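I have placed the structure first, in the form of structure tokens, so that the comments after it can refer back to it.
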Amino acid sequence: MSERRKFIKKSLLGSALLVPGVSNAFVGRQTNQLIGEKPLILSTWNHGLPANAAAISKLKETGSILDAMETGVKDTELDLSNLSVGLQGLPDREGITTLDASIMTGDGSCGSVAFVRQVKHPISLARAVMEKTPHVMLAGEGARQFAIAEGFPIEKEELSPKAKEAYEKWKVTSQYKPVINIENHDTIGMIGMDKDGNLAGSCTTSGLAYKMHGRVGDSPIIGAGLYVDNEVGAATATGLGESIIRICGSFLIVELMRQGRTPQEACEEAVRRLISKNKNIKDIQAGFLAMNKEGQIGAFAVHPGFNFAQGTLNSNVMVDSKSHF
Ligand code: SD4
């Protein structure tokens with residue numbers, strides 16, 4: 001068993017965040033499967049498990065898939081052990097943590113924030129952009145000002161102890177070199193469908209560690225990190241944002257599904273496209289997650305190591321994605 005696998009298994013067994021009363025197990029590699037159950041929630045990486053649990057609880061409480069998508073990833077935004085999401089995330093090369101997030105529902109409503117500072121829950125700010133402004137995206141200081149105007153608490157700008165320690169170490173060499181599957185690829189992308197087949201999704205990240213100040217990734221870009229269409233399905237992405245933006249990854253997957261591909265076929269085609277449009281592919285990890293209206297799911301990554309959490313009312317399990325290499 002790989003170290004990563006052992007770690008997941010250990011953290012699962014020790015986790016108090018599993019959905020109470022439902023089966024929580026590894027189901028191994030399992031893609032292109034017809035889950036067929038509604039509601040259905042998928043989210044990226046190990047932290048997807050507690051995030052799914054939070055989303056399912058919220059869905060039971062309010063019945064809103066949008067509420068579920070927001071609440072689910074808020075859990076990750078507060079997770080101090082996660083160095084790629086929320087204000088505890090690793091900073092840019094100037095030592096400043098900046099956040100990107102987006103949210104979308106199946107009727108085309110969407111909102112996002114990019115390069116925003118000092119806001120603990122960028123996903124909620126993205127939702128406020130969607131619901132309270134005539135715009136889709138606010139960035140930087142404008143997004144922060146909007147947060148203030150909307151009564152969001154503004155946090156003190158300081159790195160978490162873990163992030164500070166990592167940044168101090170990084171400054172010794174100051175080399176920008178994303179390492180595939182290591183902590184700078186831990187964005188949470190979540191997609192979900194309620195019992196009536198309504199879809200929504202959310203995506204939130206502190207982006208790549210030690211990025212240039214001002215860099216924005218795929219996560220807040222509608223169509224790149226997230227895309228949802230009630231007529232077809234939903235998709236989200238994780239990994240090197242630049243590679244995903246180049247192919248409009250999530251939009252591409254939804255459009256491929258619209259043309260009849262299964263979610264799995266669509267994710268695989270998106271990875272093929274990404275490989276064809278990006279150089280140095282051995283250093284690039286990107287993974288996609290998708291579902292269609294029938295409750296069929298797909299996942300595929302460039303390299304091994306990508307996994308996701310699959311949640312229904314009765315189960316919440318980790319699944320390993322297949323990969324191109
Ligand atoms: C970004 N896509 O900012 C994000 C990073 C990521 O898992 O996905 N990490 O490029």
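The values are calculated or read from the model by the stated rules, or taken from the named source; none is laboratory data. Note that the structure is a prediction, hence the values are computed from the model and not measured. Backbone-built Cβ (ideal geometry, glycine too); neighbour counts: all protein chains shown. Accessible surface areas use protein heavy atoms only, side chains included; no ligands, DNA or RNA. Shrake-Rupley method; radii C 1.70, N 1.55, O 1.52, S 1.80 Å.
In the chain, taking the dipole from charged Cβ atoms about the Cα centre, the farthest positive-side position among 83, 172, 284 is held by 172. Work out the FRET efficiency for residue 195 and residue 150 from their Cβ-Cβ distance, taking R0 = 25 Å, and round it to the nearest 0.05. Efficiency, rounded to the nearest 0.05: 0.20. Compute the Cα gyration tensor for the chain, then decide on rounded, prolate or oblate, letting a ≥ b ≥ c be the square roots of its eigenvalues: rounded whenever a/c is under 1.5, prolate when a/b is larger than b/c in the other cases, and oblate in all that remain. Judged from the Cα gyration tensor, the chain comes out rounded (a/c under 1.5). Evaluated with a Cβ-only charge set (Lys, Arg +1; Asp, Glu -1), the stretch 210-288 carries a dipole of roughly 380 debye about its Cα centre, given to the nearest 20. Counting lysine pairs in the stretch 138-242 whose alpha carbons fall under 23 angstrom apart, excluding pairs fewer than 8 residues apart on the same chain, gives 13. Between 104, 190, 130, the residue with the greatest mean-square fluctuation in the GNM of the chain (Cα pairs under 10 Å linked by springs) is 130. Amide H contacts under 5 Å for residue 211: 93, restricted to partners 5 or more places along the chain or on a different chain, H placed in the peptide plane at 1.01 Å from N. For the chain, calculate the relative contact order in percent as a whole number, restricting contacts to Cα pairs under 8 Å that are 6 or more residues apart. Here the relative contact order equals 24 percent.
Report relative contact order for the stretch 58-185 in percent, whole number only (criteria: Cα-Cα under 8 Å, sequence separation at least 6). Here the relative contact order equals 22 percent.
Note on the chain: with neighbouring protein chains present and a 1.4 Å probe, carbon and sulfur make up 53 percent of its accessible heavy-atom surface. What you get for the stretch 94-234, charging only the Cβ of Lys and Arg (+1) and of Asp and Glu (-1), is a dipole of about 540 debye around the Cα centre. Label reach from residue 94 (point 7 Å along Cα→C-beta): in the stretch 198-242, amide nitrogens under 18 Å belong to 206-217. The string of couplings for the stretch 230-247 from the Karplus curve (6.51, -1.76, 1.60, θ = phi - 60°) is 4, 6, 10, x, 9, 8, 9, 9, 9, x, 5, x, 4, 5, 7, 4, 3, 10 Hz, one whole number per residue in order, with x for Gly and Pro.
Per residue, the average separation of C-alpha pairs within less than 8 Å and at least 6 apart gives the stretch 167-325 a relative contact order of 18 percent.
For residue 137, the residues 5 or more places off, or on other chains, whose built amide H falls under 5 Å of its own are 112.
Report the residue, chosen from 233, 311, 295, that carries the largest GNM mean-square fluctuation when the chain is represented by alpha-carbon nodes joined by springs under 10 Å. Residue with maximal mean-square fluctuation among 233, 311, 295: 295. Let me make sure I get this right: for the stretch 235-325, a, b and c are the square roots of the gyration tensor eigenvalues over alpha carbons, sorted descending. Under 1.5 in a/c it's rounded, otherwise prolate if a/b > b/c, else oblate. Which is it? Oblate shape, in that a/c is at least 1.5 and b/c is the bigger or equal ratio.
Here is how the number arises for the chain: DSSP H runs of 4 or more residues each give -39500 (n - 2.57), the sum is divided by the residue count, and the result at 222 nm is -9500 deg cm²/dmol. Each Lys and Arg adds +1 at its Cβ and each Asp and Glu adds -1 at its Cβ; summed about the Cα centre, the chain shows a dipole of about 900 debye. Solvent-accessible surface of the stretch 154-264, taken per residue with a 1.4 Å probe and all protein chains present: 40 Å². Ranking of 196, 92 by solvent-accessible surface, largest first: 196, 92 (1.4 Å probe, protein heavy atoms only, all chains present).
Note on the chain: with a GNM built from Cα contacts shorter than 10 Å, the maximum mean-square fluctuation among 66, 256, 99 falls on 256.
A simple spin-label model places the labels of residue 61 and residue 283 4.4 nm from each other, with each point 7 Å out along Cα-to-Cβ.
Per-peptide packing, taken as the mean over residues of other Cβ atoms within 10 Å, places 282-291, 142-151, 41-50 in the sequence 41-50, 282-291, 142-151 from highest down.
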